[in-house]
Amino acid sequence: MEANPMTQDIRPEITPEPPAPREAASAAMSEARSAEVPDTTFGVIEHPDPIINCRDVNVFYGDKQAVFDVNLDIGRHQVISMIGPSGCGKSTFLRCLNRMNDTIDIARVTGTIELDGQNIYDPKIDVVPLRARVGMVFQKPNPFPKSIYDNVAYGPRIHGLAKDKVELDEIVRTSLERAGLLGEVKDRLDQPGTGLSGGQQQRLCIARAIAVSPDVILMDEPCSALDPIATAKIEDLIDELRENYTICIVTHSMQQAARVSQRTAYFHLGYLVEVGETDKIFTNPTHKLTEDYITGRFG
């Protein structure tokens with residue numbers, strides 16, 4: 001008997017909806033967390049002219065391990081970007097390079113980090129001159145509550161780098177000029193540094209760092225609190241500064257890493273997964289975790 005089309009159970013074919021973007025991102029991140037982290041770092045960890053050598057570096061906060069067996073050379077007069085998802089250990093590792101983690105009571109660092117062949121974790125090392133040689137620029141501009149002049153002059157004064165006022169004036173002016181700020185503040189050096197704009201404050205902090213003639217400048221997301229115009233000025237400045245300094249920058253912006261650095265290191269869950277020339281990392285990464293992060297599957 002032929003079925004009556006009026007009584008047939010006719011249902012339209014339903015195509016499952018794709019997961020919402022947030023759900024898809026969450027699923028990708030869960031997959032990335034469960035993905036196997038390589039036993040050894042992909043790429044070339046050595047550099048032909050290193051200023052910093054890191055071997056078997058581990059960082060613990062109490063019983064929790066945050067960084068695992070990192071091996072990496074940082075080249076002289078080069079910009080290296082450290083990228084990876086939040087909580088991957090890149091900022092923790094960066095802070096090891098001038099012993100900033102010493103300020104955290106429960107932090108413990110093992111392994112060796114050498115600056116020009118000298119282990120910076122040797123008990124005989126004085127951290128004050130070390131942090132002059134390896135300066136730090138933080139995520140949020142933190143000028144001292146002093147004049148613009150005194151912000152820059154502070155380091156040279158405490159380290160005894162100027163024998164008189166004339167020499168100190170020259171250090172301040174040269175540092176501000178290298179930081180691309182002198183033209184904007186030369187007529188108000190006696191005014192508070194806290195009165196500058198956010199971008200100017202960050203360049204003042206860079207001037208303060210270079211006033212003590214460091215070998216290395218560490219930058220922990222230096223543009224995250226800045227607008228695009230101020231960010232562009234900082235990025236141009238980084239490119240100029242690498243002629244005289246080594247720069248290690250932690251950034252969440254892959255576009256920024258591609259613009260400013262010559263080498264890039266990708267961290268994941270406390271491990272250094274891959275390191276290499278920036279162009280290669282962004283166009284032809286070796287490890288799948290690096291590729292998934294670069295292509296935006298998680299982050």
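The values are calculated or read from the model by the stated rules, or taken from the named source; none is laboratory data. Computed from a predicted model, the values in this text were never measured in an experiment. Here the Cβ is made from the backbone with ideal geometry for all residues, glycine too, and neighbour counts use every protein chain on show. Side chains are part of the model used for accessible areas, which takes the heavy atoms of the whole protein and leaves out ligands, DNA and RNA. Shrake-Rupley method; radii C 1.70, N 1.55, O 1.52, S 1.80 Å.
Which percentage, to the nearest 5, of the DSSP beta bridges contained in the chain is antiparallel? Mind showing how you got there, number by number?
Working: 25 of 44 bridges.
Restricted to the chain, the bridges split so that about 55 percent are antiparallel.
Per residue of the chain, what 222 nm ellipticity follows from adding -39500 (n - 2.57) for every DSSP H run with n ≥ 4, rounded to the nearest 500? Spell out each step's value before the answer.
Numbers: 11 runs with 104 residues, N = 299.
Here the helix-only value at 222 nm equals -10000 deg cm²/dmol.
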Carbon/sulfur accessible area of the chain, % of total, 1.4 Å probe, equals 50
Ranked output for segments 37-44, 217-224, 159-166, 241-248 by mean other Cβ atoms within 10 Å, highest leading, reads 217-224, 241-248, 37-44, 159-166
Around L272 (Cβ within 10 Å, Cβ-to-Cβ, excluding L272; K/R +1, D/E -1) the net charge comes to -1
For the chain, longest principal axis from Cα atoms; helix 165-178 axis from its Cα atoms; angle between them, nearest 10 degrees, is 20
One can check that the equivalent ellipsoid of region 178-270, built from the alpha-carbon gyration tensor with semi-axes equal to the square roots of five times its eigenvalues, has lengths in Å, largest first, of 25, 15, 12
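In region 140-299, what percentage of the DSSP-assigned beta bridges are antiparallel, given to the nearest 5? Let's see the in-between values first.
Working: 7 of 12 bridges.
Of those bridges, close to 60 percent are antiparallel.
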Per the rule of 0.36 nm per residue minus the C-alpha distance, extending E36 to K140 adds in nm 34.0 nm
The helix 228-241 Cα axis meets the longest alpha-carbon principal axis of the chain at an angle in degrees, between 0 and 90 and rounded to 10, of 60
Filtered hits (aspartates and glutamates, Cα-Cα < 13 Å from K280, offset >= 8 within chain) -> E291
Charge dipole of the chain built from unit charges on the beta carbon (Lys, Arg +1; Asp, Glu -1), centred at mean Cα; most positive-end Cα among Q201, C248, L115 is Q201
Expressed per residue, the solvent accessible area of region 230-299 in Å² (1.4 Å probe) is about 41
GNM of the chain, Cα pairs under 10 angstrom: of V185, V79, V152, the biggest fluctuation goes to V185
Pairs over 22 Å Cα to Cα, from K140/K288; K140/K186; K90/K140; K165/K186; K233/K288; K140/K163, come to K140/K288; K140/K186; K233/K288; K140/K163
Rounded to the nearest 10, the angle in degrees between the Cα long axis of helix 198-210 and the longest principal axis of the Cα atoms of the chain comes to 50
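What are the semi-axes of the equivalent ellipsoid of region 177-225, taken as the square roots of 5 times the eigenvalues of the Cα gyration tensor, listed largest first and rounded to whole Å? Mind showing how you got there, number by number?
Numbers: eigenvalues 71, 41, 14 Å².
The equivalent ellipsoid of region 177-225 has semi-axes of 19, 14, 8 Å.
Mind ordering 57-66, 116-125, 131-140 by average Cβ neighbours within 10 Å, highest first? Working shown, then result.
On the way: 57-66: 14.8, 116-125: 11.6, 131-140: 18.9.
In decreasing order of mean packing, 57-66, 116-125, 131-140 become 131-140, 57-66, 116-125.
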